[in-house]
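First up is the structure itself, then whatever we jot down about it.
The values are calculated or read from the model by the stated rules, or taken from the named source; none is laboratory data. Computed from a predicted structure; not experimentally measured. Here the Cβ is made from the backbone with ideal geometry for all residues, glycine too, and neighbour counts use every protein chain on show. The accessibility values were calculated without ligands, DNA or RNA, using every heavy atom of the protein model including side chains. Shrake-Rupley method; radii C 1.70, N 1.55, O 1.52, S 1.80 Å.
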Amino acid sequence: MKKSLLGALAVSTMLSPVAAMAQTEVQFWHAFTGRLGELVAAQVADFNASQSDYTVVQSHKGNYSETLNAGIAAFRAGEQPHILMVFEVGTATMMAAAGAVRPVHEVMAASGADFDQDAYIGAVKGYYTSTEGDMLSLPFNASTPVLWVNRDAMSAAGVDPDTDLSTWQNVDATLTALKAGGEECPLVTAWQSWIHLENFSAYHDVPFASKDNGFAGVDTELMLNGEAQIAHLSAMGQWAQDGKFIYTGRRNEGGANFRAGECALFTESSAGYAGISSEAEFDFDVRPLPYWEGVGNSPQNTIIGGASLWVMEGHEDDAYKGAGQFLSFLSSSDVQAKWHQDTGYLPITAEASVATKAAGFYEANPGTEVAVIQMTANAPTANSNGLRLGSFDQIRGIIDEELEGIWSGDKTAQEAMDSAKERGDALLRRFEAANR
């Protein structure tokens, strides 16, 4: 009986192609739900169907902060995924995680996958490269903030929906007109620190932090309490008091309000396109992020948000080959062009952008090229190349808390940003001491 059973198992094994050639599994943790989660799942399914050597298993691990924390905890427990999505503010933290990550350029070289670092858009690539120009993580979902306009709400309030909203001066006048016309939510925003401090500073070519916003060293300090930032936040604070700016939350809580048609203007990521285009039952525009005319060197260029994909250490060679092949697949022109068109995220390669334009997508969908133009119209400066600050997720929490003090009228913009600098600098000093 035992001999017969063993023989049957041997025959079964010989006849089973799965057992004879098991696929190498690659774990991929990300932060996407909703429409974006569906699109990521489709990308993974397409890759898995395109070859027979590897199986990528995608898992949602919460929002950006939760996904980063889950990855860190998993590494400490020896249960880390092969690929971890990390939002842009976690870049410095990941760079400092010696022994926890394997640079993407090394993974790609070892995997034999197609990989040309020069193929990636400079403003995107520069955020995730070493001082030697080697890519440390793979840009994946790169976005930049834009202004979304509910044309129906504008018309209902008696305001011309084609009004020039390129400057904050014009937006100020429009908010007054919207309020007078009965609009209860003239302006709402998502990601208040990212848009109204980090990108504001880059767009006006003023520093957010010293040492080239942290790119030139960890001995940096915040400079977010400068004259330009204070003037902008003071104006927004007054709009909040006048009911022209409605605060809904620190992340993207305002997106639901805008998609439901409850607000006229919305400052949000270009990646809002995925949800807005599928849910909004009103005519909408995508416009460039406004700037204050006469302040700094505006308009310079905005900076990216979103996330990149980091490869974690501690796995077998075959899995790294699979990770490299998957990352190469995600960077391919066809995949990137579709991702850009479906989501509003920036195409991370110039080839994908050219392909999108050649296909007539921008012409058929006016406004979808705004983010690309806004990011690439001017060569980045030291103030507009991005941010690379340690403990930045925690610093953002401090900034959010202080901004809420402005919106509620409990603090002046100067008081709030002076406090944010003092509290944030204390975290930067701890990060510097730990990473000398």
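Here are some notes:
- Residues of segment 155-176 satisfying the condition of being open to solvent by less than 40 Å² (accessible area, probe 1.4 Å), closer than 19 Å to ILE246 by Cα and outside any loop (DSSP other than H, G, I, E, B): TRP168, VAL171, THR174, LEU175
- Set side by side, the residues MET94, MET85 differ, and just one is modelled with pLDDT of 90 or more, in contact with a Leu (Cβ under 8 Å, 6 or more places away or on another chain) and part of a helix (DSSP H, G or I), which is MET94.
- The single condition from (1) farther than 26 Å from ALA371 by Cβ; (2) surrounded by 15 or more Cβ atoms within 10 Å (Cβ to Cβ); (3) of a type in the set (S, T, N, Q) that SER50 fails is (2).
- Answer from PHE75, PHE28 - the residue that is part of a helix (DSSP H, G or I) and either surrounded by fewer than 20 Cβ atoms within 10 Å (Cβ to Cβ) or modelled with pLDDT of 95 or more (or both): PHE75
- Within segment 232-256, considering residues that are among the hydrophobic types (A, V, I, L, M, F, W, C) and assigned to a helix (DSSP H, G or I), the one nearest to LEU387 (Cα to Cα): LEU233
- Qualifying residue in segment 127-135 (condition: in a helix (DSSP H, G or I) and either within 19 Å of SER391 (Cα to Cα) or of a type outside the set (Phe, Trp, Tyr) (or both)): yes
- The residue that is least open to solvent (accessible area, probe 1.4 Å), counting only those in segment 180-231 that are more than 19 Å from SER166 (Cα to Cα), in a loop (DSSP other than H, G, I, E, B) and of a type in the set (Asp, Glu), is GLU183.
- Among the residues listed as THR349, THR412, the single one being touching a helix residue (DSSP H, G or I) at 6+ places or on another chain (Cβ under 8 Å), open to solvent by 40 Å² or more (accessible area, probe 1.4 Å) and among the hydroxyl-bearing types (Ser, Thr, Tyr): THR412
- Residue that is at pLDDT 95 or above, assigned to a helix (DSSP H, G or I) and of a type in the set (A, V, I, L, M), where the choices are ALA371, ALA426: ALA426
- Given (1) closer than 22 Å to PHE215 by Cα; (2) modelled with pLDDT under 95, index of the condition THR343 fails: (1)
- Strands (runs of 3 or more DSSP E) within segment 257-319 that include 1 or more residues within 17 Å of ALA202 (Cα to Cα) and either open to solvent by less than 50 Å² (accessible area, probe 1.4 Å) or of a type in the set (Gly, Ala, Ser) (or both): 265-269, 305-312
- Selection within segment 137-153 - of a type outside the set (Gly, Ala, Ser), out of contact with any Cys (no Cβ under 8 Å at 6 or more places or on another chain) and open to solvent by less than 10 Å² (accessible area, probe 1.4 Å): LEU138, PRO139, PHE140, ASN141, THR144, PRO145, VAL146, LEU147, TRP148, VAL149
- GLY62 of a type in the set (Gly, Ala, Ser), in contact (Cβ under 8 Å) with a residue 40 or more places away in the chain, surrounded by fewer than 19 Cβ atoms within 10 Å (Cβ to Cβ) and at positive phi: no
- Residue among SER111, SER130, SER155 that is at negative phi and touching a residue at least 40 places away in the same chain (Cβ under 8 Å): SER111
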